[in-house]
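Derivation of every value follows stated rules applied to the coordinates shown; laboratory data play no part. All values reported here derive from a predicted model rather than from experimental measurement. As a convention, Cβ positions derive from the backbone with ideal geometry for all residues, glycine included, and neighbour counts pool all protein chains shown.
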Number of protein chains: 2
Amino acid sequence: MEKTAYVNGSYVPLSEAKVSVLDRGFLFADGIYEVAAVLDGKLVDNASHLARLERSVGEIRLELPETTARIEEIQKELVARNKLVNGMVYLEVTRGADTGRDFAFPKGVKPTLVMFTAEKDIVGSPAAKTGINVITVPDIRWERRDIKSVALLAQVLAKQAAAEAGAGEAWMIQDGKVTEGGSSSAFILTQDDVIVTRQNGSEILPGCTRKAVVALAEERQLRVEERAFSIEEALAAKEAFITSATVFVQAVVSIDGKKVGSGKPGPLTDRLREIYVEFAKATAV
Amino acid sequence: MEKTAYVNGSYVPLSEAKVSVLDRGFLFADGIYEVAAVLDGKLVDNASHLARLERSVGEIRLELPETTARIEEIQKELVARNKLVNGMVYLEVTRGADTGRDFAFPKGVKPTLVMFTAEKDIVGSPAAKTGINVITVPDIRWERRDIKSVALLAQVLAKQAAAEAGAGEAWMIQDGKVTEGGSSSAFILTQDDVIVTRQNGSEILPGCTRKAVVALAEERQLRVEERAFSIEEALAAKEAFITSATVFVQAVVSIDGKKVGSGKPGPLTDRLREIYVEFAKATAV
């Protein structure tokens with residue numbers, strides 16, 4: 001059965017879901033996106049995603065065409081129409097389609113809102129059991145990585161390089177330190193049992209799953225330090241892992257072909273994954 | 001009369017010219033564009049634009065869906081159908097629309113090719129007579145500015161800031177030097193009559209009009225230096241100007257509210273503009 005997408009007020013078959021060639025998302029990457037996981041037909045940590053959406057659009061002065069409450073209704077409607085059990089809802093808002101192409105913000109143009117869904121068994125993902133390999137690439141992105149914009153070409157190139165190397169993620173390196181993955185946050189567990197992940201700032205996206213995992217770890221009296229770390233430190237660590245809305249917590253078992261820890265998912269990573277899945281199921285709406 | 005656009009093999013009314021919401025131009029800014037000026041119904045310096053298009057797509061390993069010869073035929077067909085006398089043809093090629101959203105390159109997906117036109121009296125533009133004001137903004141773009149990708153959000157924000165300040169362009173500053181304008185190349189004429197514009201490299205787009213103007217100046221035994229310059233140097237210069245496919249050569253009369261030279265378009269800028277217009281008319285196809 002063909003899936004349904006949402007485009008500017010209409011529910012349409014995904015194959016007919018289109019935007020104007022003048023849409024500023026298509027011409028200028030002048031848009032913001034979010035991806036929320038769906039577990040058992042419910043949205044995971046969605047308030048956090050919608051709060052970040054509001055922050056991102058604010059940073060580029062794009063007004064949401066709908067309230068976040070209404071956006072959540074549409075997300076749920078799409079999940080229902082697509083009978084989605086496990087997977088994700090993608091949403092993108094752009095500065096709309098003007099009658100021509102001019103860099104400056106258009107006047108009187110309604111922003112575009114697009115949503116579609118995808119199926120994915122996040123909890124039962126094989127990579128959650130095996131862990132993933134990671135490669136490193138230079139971080140060549142712009143300076144406002146805290147804005148979740150669709151200007152993702154650098155990430156596309158990073159993740160393509162990872163795919164070609166048989167890796168599941170690319171960690172981006174700037175000034176000798178890991179910023180984050182192409183579409184995930186990066187963590188290590190040091191030999192003295194400190195969970196380390198880079199502090200928020202314009203160098204990285206403030207990950208929703210990252211934030212939840214840090215909070216869940218701290219609630220359990222685990223030590224967390226938010227600071228930059230190097231690949232050398234990651235290779236000397238007990239464990240490494242990534243977090244994102246669509247993988248939750250996933251072990252990193254090698255970096256650039258070198259084993260991390262035992263070369264298998266570590267116990268802390270497995271525990272945090274379980275804790276996160278429990279949190280996700282308990283709080284999904 | 002409604003204008004015609006080109007989308008993947010079809011000529012359609014611009015209002016009906018659409019791409020899938022899964023198009024990677026829309027989701028990832030995974031696309032390249034070019035803008036060629038049209039004078040008297042003919043394409044200006046188009047071979048240079050098509051050569052740069054080939055270079056840009058090569059840098060991100062995107063295969064053009066048509067030969068550049070065929071692309072030029074389509075450009076000309078669009079100019080004819082739209083009875084375009086003076087203006088521009090915009091073209092964008094993206095890595096196409098897959099059946100879902102995954103960062104890595106899709107397999108077996110045909111790239112998207114979109115074109116549309118716009119009218120503009122480039123030669124008779126009032127700004128060519130009065131010159132433009134320029135503001136400065138930090139250059140926060142990614143590190144591969146030599147690739148003419150549609151990941152233009154930083155330029156959108158820069159040019160919006162310019163528009164709000166009553167300026168016609170924003171010069172982007174990195175490490176104390178001008179890289180380029182939001183959608184143009186930056187030049188100055190020093191007190192000892194040297195034309196200075198930044199050397200090509202990953203810090204700037206290799207401007208087609210920049211390249212032609214440099215060649216035309218050198219043919220006339222004018223001294224040209226390709227190197228970075230600061231705003232202080234620009235404010236101490238005799239003249240300043242920008243070049244781009246859709247403004248040709250345009251005087252800069254102030255930077256951040258401070259006069260450049262006499263505060264009016266200078267004689268060298270006017271001369272280079274005339275020389276370029278002559279070149280454009282003589283070589284347009």
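Using a simple charge model, +1 on the beta-carbon of Lys and Arg, -1 on the beta-carbon of Asp and Glu, nothing else, what dipole does the protein assembly as shown show about its Cα centre, in debye to the nearest 20? I would put it at about 540 debye.
Rounded to the nearest 20, the size of the Cβ-charge dipole of chain A about its Cα centre is 280 debye, with Lys and Arg at +1 and Asp and Glu at -1.
In the assembly of identical copies, B:ALA165 has its label point, taken 7 Å from Cα in the direction of the beta carbon, separated from the corresponding points by 4.0 nm (ascending, one decimal).
Restricting the stretch B:212-275 to trypsin sites (Lys or Arg not before Pro) that sit in a DSSP loop and have at most 12 other Cβ atoms within 10 Å of their own Cβ leaves B:ARG220, B:ARG227. Counting only residues at least eight positions apart within a chain, or on another chain, the lysines with an alpha carbon under 22 Å from that of A:LYS281 are A:LYS42, A:LYS76, A:LYS83, A:LYS120, A:LYS129, A:LYS211. Its relative contact order, with pairs defined as Cα atoms under 8 Å and 6+ residues apart, puts the stretch A:4-119 at 37 percent. Averaging over all projection directions, the Cα-based convex hull of the protein assembly as shown occupies 25.8 nm² in the image plane.
For peptide B:90-100, what's the mean number of Cβ atoms from other chains within 10 Å of each residue's Cβ?
2
Taking the Cα atoms of the stretch B:210-285, the ratio Rg/Rh between the radius of gyration and the Kirkwood radius comes to 0.98. Placing unit charges on each Cβ (+1 for Lys and Arg, -1 for Asp and Glu) gives the stretch B:144-233 a dipole about its Cα centre, and among B:SER183, B:VAL194, B:ALA167 the Cα reaching farthest toward its positive end belongs to B:SER183. Projected onto its three principal axes, the C-alpha set of the stretch A:143-285 covers 37, 37, 25 Å, listed from the longest axis down. Close amide H contacts of A:ASP146 (hydrogens built in the peptide plane, cut-off under 5 Å, sequence separation of 5 or more or a different chain): A:ILE204. Taking the Cα centre of the stretch B:134-245 as reference, the dipole from Cβ charges on Lys and Arg (+1) and Asp and Glu (-1) amounts to some 360 debye. With a Förster radius of 60 Å applied to the C-beta separation of B:LYS83 and A:GLU2, the computed FRET efficiency comes to 0.90. B:THR68 label point (Cα plus 7 Å toward Cβ) to equivalent points in the other copies: 4.8 nm, shortest first. Over chain B, Cα pairs under 8 Å with separation of 6+ residues give a relative contact order of 19 percent.
If R0 is 51 Å, what FRET efficiency do you get for A:ALA51 and B:GLU219 from their C-beta distance, rounded to 0.05?
Efficiency, rounded to the nearest 0.05: 0.30.
Close amide-amide hydrogen proximity is noted between A:LYS3 and A:LEU14, each under 5 Å apart and 5 or more residues distant or on a separate chain (H modeled in the peptide plane; Pro and chain starts excluded). Enclosing the Cα atoms of the stretch B:132-203 in their convex hull gives a volume equal to 95 cubic angstrom per residue.
Look at where the Cα atoms of the stretch A:51-103 and of the stretch A:216-285 average out, and the two centres are 29 Å apart.
Tell me, how many Å apart are the Cα centres for the stretch A:153-215 and for the stretch B:1-46? Cα centroid to Cα centroid, the span is 36 Å. Hey, got a sec? Which GluC sites (Glu not before Pro) in the stretch A:114-222 land in a DSSP loop and have at most 16 other Cβ atoms within 10 Å? In loop regions of the stretch A:114-222 (DSSP not H, G, I, E or B), the sparsely surrounded GluC sites (Glu not before Pro) are A:GLU143. The C-alpha atoms of chain A define a longest principal axis, and helix A:208-219 lies at about 40 degrees to it. Remark on chain A: ratio of C-alpha radius of gyration to 2.2 N^0.38 Å is 1.01. Projecting the Cα atoms of A:PRO267, A:MET88, A:ALA51 onto the dipole axis of chain A, where Lys and Arg carry +1 and Asp and Glu carry -1 at the beta carbon, places A:MET88 farthest toward the positive end. Over the residues of chain A, the helix contribution to mean residue ellipticity at 222 nm works out to -9000 deg cm²/dmol, using -39500 (n - 2.57) for each DSSP H run of at least 4.
In loop segments of the stretch B:1-102 as defined by DSSP, the trypsin sites (Lys or Arg not before Pro) with at most 12 further C-beta atoms inside 10 Å of their C-beta are B:ARG61, B:LYS83.
With its label point defined 7 Å out from Cα along the Cα-to-Cβ axis, B:SER230 lies at 3.3 nm from the matching points of the other copies, in increasing order. Using bins of 10 Å that start at zero, the share of Cα-Cα pairs per bin across the stretch A:4-119 amounts to 14, 46, 31, 8, 0, in whole %.
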